Each structure stands twice: as C-alpha cells, then as structure tokens.
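Q: If you scroll down you'll find the structure; I have some questions about it.
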Amino acid sequence: MPGVTHTDRSFPGISLPSHGGGSPVEVTLITQLGIGAGDQLVRDAGLRQSAHPRFVDALDEPSARLGDMHMAHQDPSSLYSFAVGPQGHPFHRHAGTRMFTAVSGSGGAQLRFSTASDAQLDDDPAAFIHALRFIEIPPDCLFTVRFGSGTWHQFVSQRAPHPALFALSCHANDHTGPLSDTQRAQVDAGTADLPGLTDTLPSHLQTLLKQTDPHSVPCVSLSLHAPTRSWAGRLCARTRDPIGRLRTALHGLRPIRGYVSRRPSLHPVTHHRDAPDDSLLQQALPEGSHHRDYVSMILPAHALAGTSARRMLESVLEGFILNPPSGVGQLMALRNVLVAPLRLRTSPLGCPVSSLLSEDRSQLFAGRFPVLGQHVDADDHSAEVLLGADDRHLRFRSCVRVERLDDGQLRISLGTRVRTHNAFGRFYMALIDRTHRRYISPTLLRMAVAHALAPELSVAAGPTAIPRSVPLGAAG
C-alpha cells in the first residue's frame, strides 16, 4: 500500500507525542554501518556483555551494568548495556526516563511504543492499542531513542534470525519515577539491574495485544540513503540479510578478546655497576655472586610531593604484582615450560621480584609483601626490602629501594645478585644475562613505578588482584 515519504537532509527522526501527557518518544537515525556489520557488532558486544561481572540474563533482554551511580559525589546517573535477540522481548516499562544509543541487526528492528497512562488504561484498556505506534529501523544502523517514564515498549527484529539490536542506555537518575519499595531499596543499595527496574505488561493487556492485527497499527519507517519501500531500499535490505549472516559466521571463528595497555614511565633508567654500600643487597650472598645488576630511576620532587619512602616502596612493590610487563610475562611463560622437566621453581613474575608471590609469611613488609629483610630509616627518607629464592641451579637475592634525595627527588632502585650452583646454572645465567640487564630489570622497574604514579591505570587494579597463595618464584 503506498505511503508518504519525506526527505530529511539531517538525521531522519520522529517525535511521537504521548497520549498520556508525558514526554514524547523520540527516535533518530545517526548513520548507516557497513553491509552486515550490525549482526557482527551485536554478536561481538553480546559475548563481551555475557562475560561482564554484572551480567544478567532475564526477560529476553540480557544486560549488564557498566557504570554505577556515585551518590557520594551527587551523581545519580548510571550506564547499562542490553541486547535484544531475534524473537524480541515482552512489552514492559520503567519508572525513569530512558535514553539509549543502539545498533540494529542486519535484518532491521521494529520499535513498538504505547504511551497510554495508567489512568487511561484503568478507564479503558483499549487505550493501550489506541496509543500503540510502530517505528521501523533499517538494518545495520546506528540510532538513538528517548522516551519518558512509564512508556510501554517492545523491540523485535524485522527479519529472523537476525538480532534486533544492541544498546548502551544512560539512566539519568534511577531514583526518579514511581518506584516500588523493593525497586527503591535496590537503587539505594546499589544492587539495581535492568530486570529489577522493569514492570511487564499485565496479562489482560497482553491478551488484548494478541488479538490486535500488527498491520493495523500506525507505523513509520526511518531510513538512510533510500526510502524503505523503494527498489533501492528493498535491494539494500536483501543484500544485508545474507551478508550479515556470513559476517557473523566468519567472525565467530575468532576468539572474543579485549586489551587494556598502558605506557610505562618515560623517566630514564640508569644502570649502575653495583648496589650502594649501605644496601641490604651488599650483605646478601656473602660467599660471592656470579651475576650483578643494579638499575635506578629518579622522579622529580613534584611527582609525588609529600610521599614517604616507605609508602612509595609499598606502591612500587604492589606495582610489580599488579602491573607486570606483558613481554616479561611471555618470557617467563616460555621459561616455565622449558624448565618444568628439570623440576625448577616457576613463577608468572620475572626475577628479581618473583618471590613477592611466596607463600612464606614469616616476614612481611607493610603487612602483606613477603621479604627476606627490610629497613626503613628513622626519618622515613629511605626504605628498602630484600627479596630472593633458592633453586636447584642457583640462588638469587634482589633489593628494591626508595630514597628521598636532598633536593626532594625520589630515587627508586632495583638490584639483583645471583650465585650459581652447577654447570647448568652457569649456562642458564650466560644465556639470560644480557636480557636480564637490558630488558627484564629496567622494564620491571618502569612498570612498577608507573603503577605507583597512577595505580588507577593498572590493568589488574584492585586489591583482589594480588595473589596470596602462589608457589615461590624462581630466578628466571
């Protein structure tokens, strides 16, 4: 049946007035994605969402809370993601206003809204059908949606088996609107989720909806580049349908992964011949050593003004564990595989800090880091710990030291000494000597200091990330 088409030189959109006197329903197209990209994006984002710690799968609308309210800072907003599959989800509503940005699947999406108020529905349930409107979204499209409190809505795919959409929803304030006592308690406790903030359509209205012919409901189609019912629009939809399935199938062959990387500190690392005379490392291995290295980094006074040596040392030790260099970790993984038949100790951390994962709790620095020795001077201008482990082929000792200099600068150092026990130990150290001096020690120090300067950027940030029960590290 022919319709009426209007041309829009900006973002095509529609604003539907509310039958109940509330806020309008606003839907706007932003841009068209590549052919078949919608299905691929919905699948990829859906898999990532399912691995999120706050993932919830309910009401045919899997979702995750990505950003919390911060009431201590007078910020009641929150951020959610949600997905809608090929079969859509049931009609429902929320107490608060909803604003989200979404991507439609490669079959397109149909958004269904009814803005009848509770008073209108109590007076005449047929008001739900009278206020019902459909909005069609083209395949592979980025679009925005906004509607007011209490708006009944349902999203479905226009063409199975394509998913309907994946969205990021910003909740301006979940405290607003007619919340139930249970919902308000969840919001106040910070345990709210999308299903808990959802009211589904009453059964008598569901029955009325099933008796309604969908083709009798007023519908508007939004599109980009070509009208939906033109030959170009139909060709585009038919092309996106099979290509969306193909791209999703091919994309499924690749594992879903994500990466968070940080750049190490740009402060230069200086190599020294040996540790200072007053270092704990000078008293270690009194029978002598076959390998020595010592590197240090100087931070300007303004980098951590007022930070004591002890506190800085604690942050650096935490950095060795929470912000390890990926390259050193890869070398350790290879080393662990190669030496496993020889029954040598293994560790995910590289020498010289692998003993920070020791199970030995007999001597702890700052109440949590296992050490062989420690010293903090009376003025808290210098703090140092001694680390190390014994293995079948060698023994190693290392020190981590923080000193506040006379001009206010901080010097942070990492040193290592190794004594070999046998021919294999000598061969092993000859093999890794240059790499240890030029890469492992400087890189470990850089990344640990980077964590101390900005711990919130660490990849594994959080107190639970520090292992408490890991086999004693090796020299490696």
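Coordinate-derived values only; no laboratory data. As the structure is a computational prediction, the values presented were derived from the model and not from experiment. Here the Cβ is made from the backbone with ideal geometry for all residues, glycine too, and neighbour counts use every protein chain on show.
Q: Once you sort the root eigenvalues of the Cα gyration tensor of the stretch 96-205 as a ≥ b ≥ c, which label holds: rounded (a/c under 1.5), prolate (a/b larger than b/c) or oblate (the other case)? Intermediate values should be presented prior to the final figure.
A: Values: a/c = 2.19, a/b = 1.22, b/c = 1.80.
It is oblate, given that a/c is not under 1.5 and a/b is not larger than b/c.
Q: If you don't mind, there's one more thing I want to ask. So, R0 is 41 Å and r is the distance between the beta-carbons of Ser117 and Thr239; what FRET efficiency does that work out to, to 0.05?
A: Working: r = 42 Å, r/R0 = 1.04.
Given R0 = 41 Å and the Cβ-Cβ separation, E is 0.45.
Q: Hey, what did the stretch 264-314 get for relative contact order, percent, Cα under 8 Å, at least 6 apart? Let's see the in-between values first.
A: Numbers: 30 pairs, mean separation 22.6, N = 51.
Answer for the stretch 264-314 is 44 percent.
Q: Follow-up. With angles folded into 0 to 90 degrees, how steeply does helix 423-435 sit against the dominant principal axis of the chain? Use alpha carbons for both and round to 10.
A: Rounded to the nearest ten degrees, it is 60.
Q: Next question. Roughly how many nanometres apart are two label points built 7 Å out from the Cα toward the Cβ at Asp390 and Asp377?
A: A separation of 3.3 nm, rounded to one decimal place.
Q: How far apart, in nanometres, would the label points at Ile256 and His215 be if each is projected 7 angstrom from Cα along the Cα-to-Cβ direction?
A: Those two pseudo-labels are separated by 3.8 nm.
Q: Give the angle, between 0 and 90 degrees and rounded to the nearest 10, that separates the Cα long axis of helix 326-339 from the longest principal axis of the Cα atoms of the chain.
A: Roughly 60 degrees between the two axes.
Q: Would you work out the relative contact order for the stretch 269-465, in percent, from Cα pairs under 8 angstrom that are 6 or more residues apart?
A: On the way: 348 pairs, mean separation 61.5, N = 197.
Relative contact order of the stretch 269-465: 31 percent.
Q: At a 10 angstrom cut-off on C-beta neighbours, averaged per residue, how do the peptides 64-75, 271-282 rank from highest to lowest? Each step should come with its number before you reach the end.
A: Numbers: 64-75: 13.2, 271-282: 15.5.
Top of the packing list down: 271-282, 64-75.
Q: Which whole-number percent gives the relative contact order of the chain, counting Cα pairs below 8 Å spaced six or more residues apart? All intermediate terms of the calculation are to be shown ahead of the outcome.
A: Details: 1000 pairs, mean separation 71.6, N = 476.
Taking the mean separation of contacting Cα pairs over the length of the chain, I get 15 percent.
Q: Here is a further query. With n ≥ 4 as the cut-off for DSSP H runs, can you work out [θ] at 222 nm for the chain, using -39500 (n - 2.57) per run divided by the number of residues, rounded to the nearest 500? Let's see the in-between values first.
A: Details: 10 runs with 116 residues, N = 476.
That comes out to -7500 deg cm²/dmol.
Q: Quickly rank 18-26, 51-59 as a protection proxy: mean count of other C-beta atoms within 10 Å, highest first. Could you put the intermediate results ahead of the total?
A: Values: 18-26: 17.0, 51-59: 13.1.
Highest-to-lowest ranking by the protection proxy: 18-26, 51-59.
Q: Follow-up. Pop the C-beta distance of Ser203 and Ala72 into the FRET formula with R0 = 35 Å and round what comes out to the nearest 0.05. Walk me through the numbers before you get to the answer.
A: Numbers: r = 42 Å, r/R0 = 1.19.
So, using R0 = 35 Å, E works out to roughly 0.25.
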